[in-house]
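This report concerns only the one structure given below.
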Amino acid sequence: MIAYNKITKDRYLPTGPELTQSAQLYSIDGDKMELLLDFPTTGEPHYAQAIPADLVKAREVKFFKIEENHHPYAAMGEKDARVERKGKEVHIWMTTIRSHFAPDNVEGVKLGDEVYFHVTNLEQDWDVPHGFAVKGAANAELLIMPGETQTLKWVPTKVGVQPFYCTDFCSALHQEMQGYIRVSPANSNVPLNAYTVSVDAEL
Ligand SMILES: [Cu+2]
């Protein structure tokens, strides 16, 4: 039997906008209920489903193996980091690993272009997702699991330099994980270029 408890006063630290609520798993096999597990949960759950742990355990994926990443826009290492123009489309093959992006500077994008950030998370350890967002992007951000590639489409609406940054706390240097993309006027002749300047990029 599972119990979802609405009132969790003083049970957990108030670390977010909503107080964590509590749940409990009981065995009701015998004469006396036995508490098997007591755990925090997000409010306000109304539904629970359980399956045997061994069904999950055998299929558990802690991270995606980079050598098995067959995404058409995957960058398998920083050597693959680059930018290419296909008409109005600018494709950026980008990598992310603690604690920088490669490339972390892009220029030569023009107003009227569509920019595709194909971001590959090179981490090969679990619990190290990286995020990706461009300041002012109107659609979404990415959450990229270790070994995975995801794409963010961005259509710049103004000339200037926009920062992009990691949106998922990944390590002590998370705040350093940022870069810049320069958008030039539609008639500009700034050549397309991408490079990496992060201090830890050569480590
Ligand atoms: Cu990060």
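Structural remarks
- Cross-link partners of LYS57 among lysines (Cα-Cα below 29 Å; sequence separation of 8 or more within a chain): LYS65
- Of the chymotrypsin sites (Phe, Trp or Tyr not before Pro) in segment 147-193, those whose Cβ has at most 13 other Cβ within 10 Å and which sit in DSSP loop: PHE169
- Residue-normalised accessible area of the chain, given per residue in Å² at a 1.4 Å probe: 62
- Taking a straight Cα-Cα cut-off under 17 Å and skipping sequence neighbours fewer than 8 places away in the same chain, the aspartates and glutamates within cross-link reach of LYS9 are GLU18, ASP38, GLU44.
- For segment 33-86, the Kirkwood estimate of hydrodynamic radius, built from reciprocal distances between every pair of different alpha carbons, is 16.7 Å.
- Build a GNM of the chain with springs between Cα atoms under 10 Å apart, and of LYS32, LYS65, LYS86 the one that fluctuates most is LYS32.
- Dipole orientation for the chain: of the candidates LEU25, GLY160, MET1, GLY160 has the Cα lying most toward the positive pole (charges on Cβ; Lys, Arg +1; Asp, Glu -1).
- When the convex hull of its Cα atoms is projected in every direction, mean area for segment 44-118 (nm²): 9.6
- Three principal axis lengths of the chain [C-alpha, angstrom, descending]: 80, 36, 31
- The distance separating the Cα centre of segment 10-60 from that of segment 133-203 comes to 38 Å.
- Of the trypsin sites (Lys or Arg not before Pro) in segment 92-145, the ones in a loop by DSSP (not H, G, I, E or B) with at most 16 other beta carbons within 10 Å are LYS135.
- Charge tally for GLN162 (other residues, Cβ to Cβ under 12 Å; Lys, Arg +1; Asp, Glu -1): +2.
- In the chain, excluding the sites themselves, the longest stretch lacking any of the GluC sites (Glu not before Pro) that are in a DSSP loop with at most 10 other Cβ atoms within 10 Å is 61-201.
- Cβ-Cβ FRET estimate between THR41 and ILE7, R0 fixed at 22 Å, reported to 0.05: 0.95
- In the elastic network of the chain, a GNM with C-alpha springs shorter than 10 Å, the most mobile of TYR73, TYR47, TYR116 is TYR47.
- Spatial extent of segment 92-182: Rg and Dmax, with the Cα atoms as the point set, Å: 12.5, 39
- Square roots of five times the Cα gyration tensor eigenvalues for segment 2-57, Å: 23, 15, 10
- Of all lysines in the structure, those lying under 29 Å Cα to Cα from LYS86, and not within fewer than 8 positions of it along the same chain, are LYS110, LYS135, LYS153, LYS158.
The values are calculated or read from the model by the stated rules, or taken from the named source; none is laboratory data. What you are looking at is a predicted structure, and each value in this text was computed from that prediction instead of being measured. Cβ sites come from the backbone with ideal geometry, for glycine too, and all protein chains shown count toward neighbours. SASA here: full protein model, heavy atoms, side chains in, ligands and nucleic acids out. Shrake-Rupley method; radii C 1.70, N 1.55, O 1.52, S 1.80 Å.
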